[in-house]
Every structure is written in C-alpha cells, then in structure tokens.
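Shown next, in structure tokens, is the structure this report addresses.
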Amino acid sequence: MSLYDLYGQIDPKNELWIKAKYDHIVETKQENYCLVTLMLKNFNSISHELGSEESERVIHQSFEILSDLLGHDEYIARIHSHYFNLLIKSEPTEESLHPRAHQFHFAIRDIIEEKTGKKLYLEMGFYPMIKEGVDFYSARYYADLCRNMSHHQKYAESSYELYYLSYVDQKEEYAKFQDLVQDALENENFKLYLQPKVELSTGKVTGAEALVRWIDPQRGMLPLAEFLPSLEENGSIRDVDRYLFDKACSYIERWHKNYNQDFVISFNLSEAYYNGPYFMPEYKETYKKYQFPEELIRIELLESIVLNDLEKLKPLVDEIYDFGFSCALDDFGSGFSSFDILINVKLSELKIDRSLFQDYHNEKERLVIKGIVDVAHNLGMKVVAEGIEIKEYVDYLTEIGCDYIQGFYFYKPMPIDEFEKIFVLK
C-alpha cells in the first residue's frame, strides 16, 4: 500500500529509497543531517469527511508542498498513508530546527480550509544524525518517540519535538540523568500502566500491554519523549524494565492466587536487550520469586529492531519459549515488513501497527489488513489490532476474524491499580 502513489504507480520515493539515502549519508560521514518523521495530524477524522479519493489527493498535495520546501540533497518519502520521512540539513539545535518546523506548518496549514473549513496540522519528530552506529530503523524509532509525544513547541495545533538528550555526551549530563533515574526507582516514581486488550469474540478483557510512565512529584507525568530515548540510549531502560516486570509479576500472582483471574501481560523488549546481555536470566530469576503459570507472560519484539538481525533473534526466541513464556511481533506493518520473521521465528501473536488503520473507506487498506489476519491465522498466530479508535474498524475487524483489539475505542492505558479495580475486583 505504501509503495504506490496517487495514480496507482510504484512510487520510487518509498521507505527503501529513503533508507538508502540515510545509509549513504552515514557511510559517507556527511554532517548536519536530521531525520524527520512527519504525520498529518488527526487525518483519520478528516478523511472520513473528505472521502477516500479526495483524502489521497490531499496527501499527494502535502507531499508535493513539502518536497518544494526541501533544498539540494534533502529528501522526502511517503512511507504509508499520511506518514512521511524526511532527511533535512540542519545544525542539531532547536534554534536551527525551529524555523524548519515553522516552515512546514505554515505551508500545509490552509490546504483543506476551502473544502472543509478546517486547518491541517502536523506532528513532527526530529532526530539529529550525529551519533555513530545508529541504523535507519533505530533513528526513526527515536524520531517517532518524539513525534508521538510532541508538545514542547506549538504553532496553533502543529507540534514538534527534538531528540536532544540522545546526543548530549558530556559525562556531567550522563551522570545527572543516571542519578535522576536511580532516585525515581528508589522513590517508585516509575509507574506501571496497562492498556487492556479486548477479545472480539467475547467482548472481554483477557490481557494487557505493560507500559512505563514517569510521575515526577513536582512536574507530574513526564512526556515519554523527554526520558524514554535517553533510558534506551544509556541502558538504564534495563533497570526500569526489571523493576516494572517485578511489579507486574506480584500483581499477576495475586490475581491468580486470590481471585482466580488470569490475564496475559505483554512486555516490550527494548533495543538495549538486542545490543547487550540477554535479559532472560534476569527475568527468570524475577519470575521464580512468584507462583503463576509461565504462559501469562508474553514478550513483545519490535519489528523495526528485529529486522536488523534475524539470526541473532532466533536463539533469544527459543530461550523465551523453552522457559514457558511466549512472544508477539509488535508494530507489524509500521515499515517495510519482512515475512521472513513470520516464517522463520516462532511467534504466538502478531500485532498490526496502528499506521495501517488510517482510512476505513480505502478498500485496498481493508484488503491488506484482511490479508495480514489470514496469513497470521494460517501460521497459527493470534492477531491484535493496535490503535483502534472508531467503531467502523471494530466492526470490520470482527467480521474478518481478528482476535483482539487494543486502542482508545475501548480503553486507554491506565494505572495497574485501576486495571485491578475494573477487571479483577469487579
């Protein structure tokens, strides 16, 4: 779907094309580049009003406008629907990137006003490319973290976030951040949130995804973009993940023993675990402190990361299953998906990324979704649809036999104590 342009022709400026540009910039050590992830904000609701064909024209027009704003040796690719990746030249400072975000915002803002009476806004994440050894998918992951939580600088309703802490290498800054993390762990300021998964055949919540939130006593809930990239960059995410895994296990045991209630809880496996020591010895040690079935633990593997080293992934997955846990493939369809993973790696669950649920009226999109569900089922996997917010998708996913839905249509992420009150102590 993402490889085609407005007129049904193969679009050469797709994900593989811009990845090749990124790789060339890295290999030739070109300086002052920034990877930008950009999405048309709230476009799902706008597309319902415009219709499928007109929505595609707006996306195409946005692409052309943004292309015209780029200079020599700057690039843009449409990855899927209304989500774009750009490579722009800029100093890695907010002072330099602020005008570019401002420029993109005002160029796009008014293009649908005549037809809808509404403005069109942007969400943008900026990743300055000054760290060595960061591959395309990891860089985009960091930029998307910022885009998803962008709130720092606003132009009306457009917003952007700059990935900053990732390139501050001074020992003083590193030590300061480490101290903040340790203080937060000791004071239990990292909180475990769960986003429920609803089983479509029964309408019941049968599991949830574990998520981290940092609740600062003075500032309240910190934006993920402010701390999560740095946790992953310096490896502190391992300490936080172990703490939250231990916390979750204590609740799972209590629900199992005291209330005869079992929920499969999924845990994201961060990039730090692929580049460092295996996490399983630590997780096994934690799990053995408690008593509940191993199958209530599921480890989520991020597609964009595992694509980089499939051979390295296999022994890790084997160890997970040998112990009794299971695996899910997260964010399937978020990029140039590789079916090699589905064929060669044991998986219990496939999670379809929210980016594939952009335009319900688009017949091709619905066919792609159905195809993924059918393939996963034929390979013996359950399917979770992520990011579902409207009833039309719920009805369609039920019709084609999708197993679970995770999204705001049913439930937002909630503190684990709230989850317990609603679904365990009911």
Contact order relative to length of the chain, as percent, for alpha carbon pairs under 8 angstrom and 6 or more apart: 14 percent
Given (1) 35, 23, 23; (2) 56, 22, 18; (3) 34, 27, 21 as possible values of semi-axes √(5λ) of the Cα gyration tensor in Å, the one from the coordinates is (3)
Where is the GNM fluctuation largest for the chain (alpha-carbon springs, 10 angstrom cutoff): GLY235, GLY125, GLY324? GLY324
For HIS24, HIS102, HIS80, which order do you get if you count the other beta carbons within 10 Å of each Cβ and list the fewest first? HIS24, HIS102, HIS80
Theoretical FRET efficiency, 1/(1+(r/R0)^6), r = Cβ-Cβ of LYS426 and THR28, R0 41 Å, to 0.05: 0.10
Neighbour-count ranking [beta-carbon atoms within 10 angstrom, fewest first] of MET414, MET381, MET124: MET414, MET381, MET124
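Please compute the contact order of the range 15-164 in relative form: average sequence separation of alpha-carbon pairs under 8 Å and at least six residues apart, divided by the residue count, as a percent.
Details: 241 pairs, mean separation 44.9, N = 150.
Value for the range 15-164: 30 percent.
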Step through the table entries LYS21/LYS346; LYS288/LYS426; LYS346/LYS370; LYS197/LYS247; LYS41/LYS351, compare each Cα-Cα distance with 31 Å, and write down the pairs that go over it. LYS21/LYS346
Please work out the FRET efficiency for the pair HIS377 and GLU253, using the Cβ-Cβ distance as r and a Förster radius of 25 Å; give the result to the nearest 0.05. 0.20
So, in nm, how far is label LYS289 from label SER201 when the simple model puts each one 7 Å beyond its Cα toward the Cβ? 3.6 nm
What angle do you read, to the nearest 10 degrees and between 0 and 90, between the alpha-carbon axis of helix 363-378 and the longest principal axis of the chain? 30 degrees
Does anyone have the angle between helix 52-68 and the longest principal axis of the chain? Alpha-carbon axes, 0 to 90°, nearest 10? 70 degrees
Taking the chain as a Gaussian network, Cα atoms linked when under 10 Å apart, which of ASN14, ASN42, ASN85 shows the biggest mean-square fluctuation? ASN42
Semi-axis lengths, Å, the range 15-164, gyration tensor of Cα atoms, sqrt of 5 times eigenvalues: 26, 16, 13
HIS98-ASP340 FRET efficiency (beta carbon distance; Förster radius 41 Å; 0.05 resolution): 0.50
Everything considered on the Cα gyration tensor (a ≥ b ≥ c; rounded for a/c under 1.5, else prolate if a/b is larger than b/c, else oblate), the range 172-424 must be described as rounded
Unit charges on C-beta of K, R, D, E only; dipole of the chain, Debye: 760 debye
Relative to the longest principal Cα axis of the chain, at what angle does helix 224-234 sit, 0 to 90 degrees, rounded to 10? 70 degrees
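Suppose the chain between GLN178 and LEU310 were pulled fully straight at 0.36 nm per residue; how much longer would it get relative to their current alpha carbon spacing?
Values: separation 132, 0.36 × 132 = 47.52 nm, distance 3.16 nm.
Net length gain for the segment: 44.4 nm.
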Spin-label model distance (nm) - GLU418 vs ARG219, 7 Å beyond Cα toward Cβ: 2.1 nm
Per DSSP H run of n ≥ 4, the term is -39500 (n - 2.57); total these for the chain, divide by its residue number, and report the mean residue ellipticity at 222 nm rounded to 500 deg cm²/dmol. -13000 deg cm²/dmol
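Cut-off is 10 Å between beta-carbons; in what order do ASP239, ASP144 appear when sorted fewest neighbours first? All intermediate terms of the calculation are to be shown ahead of the outcome.
Numbers: ASP239 16, ASP144 23.
Ranking ASP239, ASP144 by Cβ neighbours within 10 Å, fewest first, gives ASP239, ASP144.
Throughout, read-outs are computed from the coordinates displayed, never taken from laboratory work. The shown structure was predicted, so the numbers you read here are calculated from the model rather than taken from an experiment. Every residue, glycine among them, receives a Cβ derived from its backbone with ideal geometry; neighbour counts consider all protein chains shown.
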